[in-house]
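Chemist: Next up is a structure, given as structure tokens.
The values are calculated or read from the model by the stated rules, or taken from the named source; none is laboratory data. Predicted model only: the values in this text are computed from it and were never measured. Virtual Cβ from ideal backbone geometry, glycine too; neighbours counted across all protein chains shown.
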Ligand SMILES: Nc1ncnc2c1ncn2[C@@H]1O[C@H](COP(=O)(O)OP(=O)(O)O)[C@@H](O)[C@H]1O
Ligand SMILES: [Mg+2]
């Protein structure tokens, strides 16, 4: 998986708030850390990204990036300030990159609290700027407007076609497989004027993921709620308009502390947050900034993680749940998605436990990678066990049941 963020600013320089200074922030780093949590130590080097480093790049941020052991390429230019970042990760060093993520937002940390503002990017990522290997990524993640989303998708598909024609595809199967596109609509363009563009872009991607407030804003509702008649009609309207070229794509509504709701034409999955409100875990929520970006970085990585440890853990627990097994059948070709969504939920849980990104360390005997003192797959296990119980008690809360 490869994520490409081409953004104006990768580092948050916090103002007066303690602990915010010179730490990594911004959608790019959050998406990368989401993917890195899912990749685990075994595939850390396959999480690959490029950061443009200007004269002001803080050494603290460099140290944090190094601690992740990702394949991070620093492009240094000391004649300017750090203004752009381009990030990528891929799960399989040998086969090349498989997710590309585009982010055209600029992040600004205001004084006092972290307040995000999105400005017009100075530089735009054109798919022609990707290397041939990157173009063959299996999944792509974008944070951008509808029109950019469509042009990026078309640009990538066209590049792949051209390479294929020129006999430069990695393999015939690879050439004939459409990559997965995950799109995060840029929040400040979730306006009523954008509705039609939103529908148009949704038709070219495999996953479209607005958050609940942004979705509400775009459709003139106070917010989106699963319970309300309006909320349900809106989901039906988006699905009827079509997600993905074959209409079998997924709408993932991120709903903050309520977790996330994923919808296919004939299926739904509600996943509660890792730190559920009203439980002791909720006390560990410090700053939800970046949760959505990490959620989607992790989702993109999760979608190419079949057969890896987090999936094995999830499958071993849920395989005895009848409701889950039945539901999974109806996800058809999208059957990796529910597992990837669990990974995304667990990853987001780590990211909201502090300002900035979670802290990596090794267990005392050196055998295990810890994030905020716990193992990613251990949390996947705990979360999935909890899910198993609530699935058993009330499957209709989580799934579409007959
Ligand atoms: N306050 C919170 N408490 C618990 N979990 C949260 C909270 N905020 C976010 N999350 C988790 O992070 C995920 C993505 O965050 P969300 O707030 O939906 O996106 P965004 O960052 O775009 O606002 C949620 O689905 C949930 O799992
Ligand atoms: Mg939120």
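Chemist: What are the residue pairs meeting all of these: first residue in region 282-308, first residue under 13 Å from residue 209 (Cβ atoms), second residue part of a loop (DSSP other than H, G, I, E, B), Cβ atoms under 7 Å, and 6 or more apart or on different chains?
Modeler: From region 282-308, the pairs are 291/352; 296/209; 297/3; 300/1; 300/3; 303/336.
Chemist: Taking region 185-200, which residues are touching a helix residue (DSSP H, G or I) at 6+ places or on another chain (Cβ under 8 Å) and closer than 21 Å to residue 255 by Cα?
Modeler: 185, 187, 189, 190, 191, 192, 194, 195, 198, 199
Chemist: While we're looking at this one, here's another question. Search region 129-145 for residues that are under 11 Å from residue 159 (Cβ atoms) and pair each with any residue that is surrounded by fewer than 20 Cβ atoms within 10 Å (Cβ to Cβ) and modelled with pLDDT under 75 when their beta-carbon atoms are under 9 Å apart and the residues are at least 6 apart or on different chains.
Modeler: 136/95
Chemist: Another question, then. Of the residues that sit in region 317-337 and are free of Cβ contacts under 8 Å to residues at least 60 places away in the same chain and under 20 Å from the mean Cα position of the chain (by Cα), which one is nearest to residue 304 (Cα to Cα)?
Modeler: 336
Chemist: Considering only residues that are modelled with pLDDT under 90 and under 22 Å from residue 214 (Cβ atoms), which ones fall in region 152-176?
Modeler: Scanning region 152-176 gives a single hit, 152.
Chemist: Moving on to the next point. What about residue 220, is it part of a loop (DSSP other than H, G, I, E, B), touching a helix residue (DSSP H, G or I) at 6+ places or on another chain (Cβ under 6 Å) and either loosely packed, with under 14 Cβ neighbours inside 10 Å or touching a residue at least 60 places away in the same chain (Cβ under 8 Å) (or both)?
Modeler: yes
Chemist: Here is a follow-up. Could you tell me how many of the residues in region 236-257 are more than 16 Å from ligand 1 (Cβ to nearest atom) and surrounded by 18 or more Cβ atoms within 10 Å (Cβ to Cβ)?
Modeler: Adding up the residues that qualify gives 5.
Chemist: So if I check each of 331, 270, which one is closer than 30 Å to residue 233 by Cβ and modelled with pLDDT of 95 or more?
Modeler: Selected residue: 270, the only one of 331, 270 that is closer than 30 Å to residue 233 by Cβ and modelled with pLDDT of 95 or more.
Chemist: Scan region 358-367 and give yes if some residue there is at pLDDT below 95, out of contact with any helix residue (DSSP H, G or I) (no Cβ under 6 Å at 6 or more places or on another chain), within 20 Å of residue 255 (Cβ to Cβ) and away from ligand 1 (no atom under 16 Å from the Cβ), otherwise no.
Modeler: Among the residues of region 358-367, not one is at pLDDT below 95, out of contact with any helix residue (DSSP H, G or I) (no Cβ under 6 Å at 6 or more places or on another chain), within 20 Å of residue 255 (Cβ to Cβ) and away from ligand 1 (no atom under 16 Å from the Cβ), which makes the answer no.
Chemist: Does at least one position in region 194-213 carry a residue that is within 16 Å of ligand 2 (Cβ to nearest atom), under 20 Å from residue 139 (Cα atoms) and buried (at least 20 other Cβ atoms within 10 Å of the Cβ)?
Modeler: Yes: region 194-213 contains one or more residues that are within 16 Å of ligand 2 (Cβ to nearest atom), under 20 Å from residue 139 (Cα atoms) and buried (at least 20 other Cβ atoms within 10 Å of the Cβ).
Chemist: Against the definition (out of contact with any strand residue (DSSP E or B) (no Cβ under 7 Å at 6 or more places or on another chain) and closer than 17 Å to residue 388 by Cα), how does residue 312 come out, yes or no?
Modeler: Taking the combined requirement at face value, the residue satisfies it.
Chemist: Moving on. Can you find, within region 276-300, the residue that is nearest to ligand 1 (Cβ to nearest atom) among those that are surrounded by fewer than 21 Cβ atoms within 10 Å (Cβ to Cβ) and within 18 Å of the chain's Cα centre (by Cα)?
Modeler: The selected residue is 288.
Chemist: Can you report the number of residues in region 164-184 which are part of a helix (DSSP H, G or I) and out of contact with any helix residue (DSSP H, G or I) (no Cβ under 6 Å at 6 or more places or on another chain)?
Modeler: 5
Chemist: Is it fair to say residue 262 is under 17 Å from the mean Cα position of the chain (by Cα), modelled with pLDDT of 95 or more, crowded, with 16+ Cβ neighbours inside 10 Å and within 10 Å of ligand 1 (Cβ to nearest atom)?
Modeler: No.
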